[in-house]
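Input: a single structure, listed below in structure tokens.
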Amino acid sequence: MPELKAEPGKGFGLALEGGSFKPIDPDTGKGFQSSDSYGIAFDYQWPLGESVSFSIFGFEHGGMAKLPPKSDYEYYKTGVIGAELKAWIDSFFIGIHGGQYYLTWIESLSSYSGITQTGGSGYGLGFEMESGWMFAAYSEKSGTLEHEEMADQKVEGNRILLGYRWR
């Protein structure tokens, strides 16, 4: 059996993302998205011993979507600010996290729906090489985001990221 040995780097990480992370109807599970979702992620990570690390992170995704009855809002931005614990076996990790998820709908640069927030959580796995390069996949699920002018929503889905950590 392999010995648990953390290889998390201490420092700032930055990644580009893609995936299915999007706003959905909490009752039906139907997505409002009409384009692919892309984003950017950042974190700062600290080793907590030989097999565990802690990080503070954030990411933001955006895409095109139609939200009935507010079909004039054609774009959305969603993301998370949170904290994560990772367990390490060599350069492989498994992580769990929680944080504050947010969502805003955008009509134009000067017109948007306002930002709604709620708690949520996720988990993921990936690799982080000694060189600093990392590849990971995460699954996300927020609580219900309540809008005054629109139907309630959730944000959920998968994220795949490719990034680098400066050590």
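Only a single criterion out of (1) in a loop (DSSP other than H, G, I, E, B); (2) touching a strand residue (DSSP E or B) at 6+ places or on another chain (Cβ under 8 Å) is not satisfied by L162, namely (1). Taking the numbered list (1) aromatic (F, W, Y); (2) under 19 Å from N158 (Cβ atoms); (3) surrounded by fewer than 16 Cβ atoms within 10 Å (Cβ to Cβ) in turn, W46 passes all entries but (2).
Can you work out which of the residues in the stretch 118-133 that are of a type in the set (A, V, I, L, M, F, W, C) and part of a strand (DSSP E or B) is modelled with the highest pLDDT? Steps first, please.
Start the filter on the stretch 118-133 by keeping residues that are of a type in the set (A, V, I, L, M, F, W, C), which leaves 125, 127, 129, 133.
Next cut, part of a strand (DSSP E or B) only: 125, 127, 133.
Values: L125: 98, F127: 95, W133: 95.
Applying the filter and picking the extreme gives L125.
Tell me, please, whether a residue that is among the hydrophobic types (A, V, I, L, M, F, W, C), closer than 18 Å to G39 by Cα, at pLDDT 95 or above and assigned to a strand (DSSP E or B) can be found in the stretch 98-114. Taking every residue of the stretch 98-114 in turn, none turns out to be among the hydrophobic types (A, V, I, L, M, F, W, C), closer than 18 Å to G39 by Cα, at pLDDT 95 or above and assigned to a strand (DSSP E or B). A single entry from E60, E17 fulfils the requirement of being acidic (D, E), more than 14 Å from Y101 (Cβ to Cβ), at pLDDT 90 or above and not in a loop (DSSP other than H, G, I, E, B): E17.
Here is a yes/no grid of residues against (1) surrounded by fewer than 20 Cβ atoms within 10 Å (Cβ to Cβ); (2) of a type in the set (G, A, S):
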residue: F57; (1), (2): yes, no
residue: T78; (1), (2): no, no
residue: F93; (1), (2): no, no
residue: G119; (1), (2): yes, yes
residue: E128; (1), (2): no, no
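Flag: T78 does not match the condition of being more than 15 Å from L161 (Cα to Cα), of a type in the set (V, I, T) and either more than 13 Å from the chain's Cα centre (by Cα) or not in a strand (DSSP E or B) (or both). State yes or no: is L162 within 14 Å of G19 (Cα to Cα) and not small (G, A, S)? When the stated conditions are applied, L162 passes them.
Taken together, the residues in the stretch 69-119 that are touching a Lys or Arg at 6+ places or on another chain (Cβ under 6 Å) and free of Cβ contacts under 8 Å to residues at least 60 places away in the same chain amount to 2.
Scan S37, S55 and give me the residue that is under 22 Å from T118 (Cα atoms), hydroxyl-bearing (S, T, Y) and modelled with pLDDT of 95 or more.
Only one candidate passes the filter, namely S55.
The values are calculated or read from the model by the stated rules, or taken from the named source; none is laboratory data. Quantities reported herein were computed from a predicted structural model and do not represent experimental measurements. Note that each Cβ is placed from the backbone with ideal geometry, even for glycine, and that neighbours are counted across all protein chains shown.
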